[in-house]
Structures are given as structure tokens and as C-alpha cells.
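Novice: Following this message is one structure expressed as C-alpha cells.
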Amino acid sequence: MTDASETPTPRYSSTTRALHWVSAILILSTIPIGAVMLREGLERPTQDLLFILHKNGGVIIFALVVARLVWRVIAPAPPLPASVPGWQHTAARAGHIGLYAMLLVMTVSGYVRVRAGGFPVEMLDAVGLPTLVPRSDALADFAQSVHFYGRFVLVALIVVHVGAAVMHMVRRDGVIRRIWPPVGG
């Protein structure tokens, strides 16, 4: 716990915190939708809805990740509290880079899988964005493999990220306060 005489830990900007929590909610929603939509025996209308939610959720997640990366350049992360050991600084940086990289891998591989497979991305089609990859079963199969195996890496990174957050909550070392949602207390 921090001493009342200590300077409070600087926080991320409200924009960063909003982008973080909206991204987290979408990502944590899209993962189970992706798992359920592939189950055998689902009624076709339910399966179609889940595919639409998953594909278009991926488009939104991609846009949020790009926005977060651009915003990160504009509004860099506040420093970690002095009480956080150097190895945790390094681990946090590596973990965040890994999360950003895997979110980009997953959204791009999902897009390539869908478009190369000849399927629509309803949100992008509605705004008239042209297909950016050729129709190719081989490319669709490769992207599907990347997407399939990438999910395990992404989920592992999320588990580590959440585990680290819980550790910082228990320690009350000021790290969680930096990213706490920009609403409420």
C-alpha cells in the first residue's frame, strides 16, 4: 500500500483507458464467439449470426489496436511506480508488445481467411471497402491455420496479462490505478 505522503502514480490518459477497456471487452467477447460458432449442430441462423459478430468484431478490434498504437505515440505510457522491479518493467513491455502483435496477427489472419475464402465482411462491404486479398483456397487455408494456432498464443498472453493485473491489485502498488476505467471511482 502506498504511503499518504507519496506522490500518486501517474495515470494513462482517459482516451488510453477508454480504448483499453473497450478493446478488452470486445476481445474477451470475440474469443468465445469464435469457439462457439464452429460447434457442430448449431442452427444455421445462430451460426451465421456468430460468424457475423466474430468477423465484424475483428474489424473493430483491428481499428482499436491501430488507434491504440497511434495514440501510444501521441500519449506515451506513464512511468511505472518506483517500487516495481526492473524485470517486471521488461516483462510488462514484452507482454504488451506480444499482445499488440498477436491482436494484429489474429485480425489480419482472420480477414485474409475470410476474404481469400470468398466470404463477406459485412461491415467493410457496407462502406464499400474493396477486397484487399485475392480469392485463393491455399491462402485461405494458410490464414486459417495462423488464426487457429494464434488463438492459443493470444489466450496465453491474455491470461498472463490478467494474472499480472491481479498480482498488482493484491499488492496495491499503484499499477492498476494507472489503467483503471475512466468512469466511476
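The values are calculated or read from the model by the stated rules, or taken from the named source; none is laboratory data. Remember, predicted model here, so these are calculated numbers, not experimental data. Cβ sites come from the backbone with ideal geometry, for glycine too, and all protein chains shown count toward neighbours. With ligands, DNA and RNA removed, areas are computed over all heavy atoms of the protein, side chains included. Shrake-Rupley method; radii C 1.70, N 1.55, O 1.52, S 1.80 Å.
Novice: Taking I52 as the residue in question, decide whether it is part of a helix (DSSP H, G or I), crowded, with 16+ Cβ neighbours inside 10 Å and among the β-branched types (V, I, T).
Specialist: Working: part of a helix (DSSP H, G or I): yes; crowded, with 16+ Cβ neighbours inside 10 Å: yes; among the β-branched types (V, I, T): yes.
In short, yes.
Novice: For region 12-66, how many residues meet the condition of being of a type in the set (K, R) and without any contact (Cβ under 8 Å) to a residue 12 or more places away in the chain? If you could, list the steps in order and put the result at the bottom.
Specialist: As a first pass, look at region 12-66 and keep what is of a type in the set (K, R): 17, 39, 44, 55.
Going one step further and asking which of them are without any contact (Cβ under 8 Å) to a residue 12 or more places away in the chain, we end up with 39, 44.
Counting residues in region 12-66 that are of a type in the set (K, R) and without any contact (Cβ under 8 Å) to a residue 12 or more places away in the chain gives 2.
Novice: Across region 106-123, what is the number of residues that are over 29 Å from V160 (Cβ atoms), of a type in the set (A, V, I, L, M, F, W, C) and open to solvent by 20 Å² or more (accessible area, probe 1.4 Å)? Reasoning before the result, please.
Specialist: Going through region 106-123, the residues over 29 Å from V160 (Cβ atoms) turn out to be 115-123.
Those still in the list that are of a type in the set (A, V, I, L, M, F, W, C) too: 116, 119, 121, 123.
When the remaining residues are screened for being open to solvent by 20 Å² or more (accessible area, probe 1.4 Å), the result is 119, 123.
Counting residues in region 106-123 that are over 29 Å from V160 (Cβ atoms), of a type in the set (A, V, I, L, M, F, W, C) and open to solvent by 20 Å² or more (accessible area, probe 1.4 Å) gives 2.
Novice: Only one of these is hydrophobic (A, V, I, L, M, F, W, C), part of a helix (DSSP H, G or I) and either open to solvent by less than 50 Å² (accessible area, probe 1.4 Å) or free of Cβ contacts under 8 Å to residues at least 24 places away in the same chain (or both): L69, L80, L103, L139. Name it. Break it down into steps so the answer makes sense when it comes.
Specialist: Numbers: L69 fails: either open to solvent by less than 50 Å² (accessible area, probe 1.4 Å) or free of Cβ contacts under 8 Å to residues at least 24 places away in the same chain (or both); L80 fails: part of a helix (DSSP H, G or I); L139 fails: either open to solvent by less than 50 Å² (accessible area, probe 1.4 Å) or free of Cβ contacts under 8 Å to residues at least 24 places away in the same chain (or both).
When all the criteria are applied, what remains is L103.
Novice: Sticking with this structure for a sec: Looking at G163, G128, G150, can you tell me which residue is open to solvent by less than 30 Å² (accessible area, probe 1.4 Å) and either more than 17 Å from H20 (Cβ to Cβ) or modelled with pLDDT of 95 or more (or both)?
Specialist: Values: G163 fails: open to solvent by less than 30 Å² (accessible area, probe 1.4 Å); G128 fails: open to solvent by less than 30 Å² (accessible area, probe 1.4 Å).
Of G163, G128, G150, the one residue that is open to solvent by less than 30 Å² (accessible area, probe 1.4 Å) and either more than 17 Å from H20 (Cβ to Cβ) or modelled with pLDDT of 95 or more (or both) is G150.
Novice: Within region 122-145, does at least one residue satisfy the condition of being at positive phi and more than 18 Å from the chain's Cα centre (by Cα)?
Specialist: Our first condition is that a residue be at positive phi; within region 122-145, this holds for 128.
With the extra rule that they be more than 18 Å from the chain's Cα centre (by Cα), the set shrinks to 128.
Yes, region 122-145 contains a residue that is at positive phi and more than 18 Å from the chain's Cα centre (by Cα).
Novice: Let me spell it out: the conditions are (1) farther than 16 Å from G58 by Cβ; (2) at pLDDT 95 or above; (3) of a type in the set (K, R); (4) part of a helix (DSSP H, G or I), and R178 meets all of them except one. Which number is the exception?
Specialist: (2)
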